[in-house]
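Notes follow once the structure below has been shown.
The values are calculated or read from the model by the stated rules, or taken from the named source; none is laboratory data. Predicted model only: the values in this text are computed from it and were never measured. Backbone-built Cβ (ideal geometry, glycine too); neighbour counts: all protein chains shown.
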Amino acid sequence: MSPLRDLRDRIDEVNEQILDLLSARGEIVLEIARDKGVRGLDGYDPSREERMLAELTSDLRGPFAAAQIRDVFRTIFRISLELQDVEHQAGLHVRRRDLVPEGGILVGAVPVGGPEPVLFAGPCSVETPEQMDAVGAYLAAMPGLVVLRAGAFKPRTNPASFQGLREKGLRILKDTADRHGLATVTEVLDVATLPIVAEHTDMLQIGARNMYNTELLKAVSRLDKPVLLKRGFMATIQEWLLSAEYILSGGNESVVLCERGIRTFEPSTRNTFDVAAIPLMKGETSLPVIADVSHALGRKDLLLPCSRAALAAGADGLMIETHPTPDQALSDGFQQLDLSDFGELVQQLGWSVGDAGTGGRFPAEPLVRAGRKLS
Ligand code: PEP
Ligand code: MN
């Protein structure tokens, strides 16, 4: 055998040994991570890494310099941390593929995440019984899957703005829904009001401002009630997933995610509608994902193309704000469609609207638009 062949064989052998040792080291790293996980400790320990590097370079035996040995071991430390992260991510509840029951998550009698997309529609805020009744009657006449939305506890940026009718608003919402046979979603702002809100609605909304409220997430995780978890306006996909993890790991697996736009430098729309988040989240988790185009855009003229984009991207539903008289609305009047424009929008999207809402202007048969049937 030529000396070169022989030397290469020996290198191959050493490579195998390094690989075996690296694999053995990886297994130990995972064991340490599991042990630390049980005790609530972080996997990353920079001082321990520094001590190991000092030890490894204190007694150099071969041709490599200390800096090179440090380089190699820093790489080993980094990939070890990645290994822990991969295992941690794979073990999350939110990654399970069997989270949604066959047919979807039931909100009242409305399945979300089933074969048909769901329209979450209604005014920004509950204002009067008459206002809610007009919207309720209109939505009840629609043949597609509809959930009535309206806020009773409102998270307003300005404390001088309308804060919602609170308990009275909840009663009006429930009364409207009961009379028209509609399922409801409304926002819960804090742990203190959670019991009363939960009593009056089929689904609890955690709003963008509360996505990071871990105590509220834990509190809803203990309830047997579906949760609509909106994305915070500064939240990464990973942070949003981990917020959902709070709810799932606490025992409540009925979570629907809602992309509602994120804050960027662009002022043309109220937020920047992150349409990519929809297929992204659907790849990361099996939970249903809907798009709140009203709050994402903050303007009416872009609702149709962006709703189409959301559905084409795989959204399981849309949230659209509608109000009988948007000009007189106590919140978000500028972005709410009146009932006639709302009817037109949903008709253009392919949902059909019955006689009660529009005097029969729209065909009773569902249309097929935007590549998806929405009946
Ligand atoms: C809402 O849906 O009423 C609302 C306040 O939305 P967001 O939390 O997305 O701002
Ligand atoms: Mn609103």
Among the residues of region 248-283 satisfying the criterion of being under 19 Å from Leu304 (Cβ atoms) and away from ligand 2 (no atom under 16 Å from the Cβ), which is surrounded by the most Cβ atoms within 10 Å (Cβ to Cβ)?
-> Ile278
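Okay, residues lined up against (1) surrounded by 18 or more Cβ atoms within 10 Å (Cβ to Cβ); (2) touching a Leu at 6+ places or on another chain (Cβ under 7 Å):
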| position | (1), (2) |
| --- | --- |
| Arg171 | no, no |
| Asp175 | no, no |
| Leu182 | yes, yes |
| Val188 | yes, yes |
| Val191 | no, yes |
| Ile196 | no, yes |
| Glu199 | no, no |
| Asp202 | yes, no |
| Ile206 | yes, yes |
Of all residues making up region 286-315, the number that are part of a loop (DSSP other than H, G, I, E, B), surrounded by 24 or more Cβ atoms within 10 Å (Cβ to Cβ) and among the hydroxyl-bearing types (Ser, Thr, Tyr) = 0
Inside region 316-340, can you point out the residues that are part of a loop (DSSP other than H, G, I, E, B), within 13 Å of ligand 2 (Cβ to nearest atom) and in contact with a helix residue (DSSP H, G or I) (Cβ under 6 Å, 6 or more places away or on another chain)?
-> Gln336
If only one of Asp316, Asp355 is away from ligand 1 (no atom under 16 Å from the Cβ) and modelled with pLDDT of 95 or more, which one is it?
-> Asp316
Which of the residues spanning region 149-160 are away from ligand 2 (no atom under 11 Å from the Cβ) and in contact (Cβ under 8 Å) with a residue 40 or more places away in the chain?
-> Ala152, Phe153
Filtering region 113-141 for residues that are away from ligand 1 (no atom under 16 Å from the Cβ), outside any helix (DSSP H, G or I) and out of contact with any Ser or Thr (no Cβ under 8 Å at 6 or more places or on another chain) leaves a count of 6
Restricting to region 316-348, what's the tally of residues that are crowded, with 21+ Cβ neighbours inside 10 Å, of a type in the set (Val, Ile, Thr) and more than 22 Å from the chain's Cα centre (by Cα)?
-> 2
Apart from one, (1) crowded, with 17+ Cβ neighbours inside 10 Å; (2) modelled with pLDDT under 95 all hold for Gly360; the odd one out is (1)
Tell me, please, whether a residue that is surrounded by 15 or more Cβ atoms within 10 Å (Cβ to Cβ) and outside the structural domain of Leu241 (by TED's automatic domain parsing) can be found in region 35-42.
-> yes
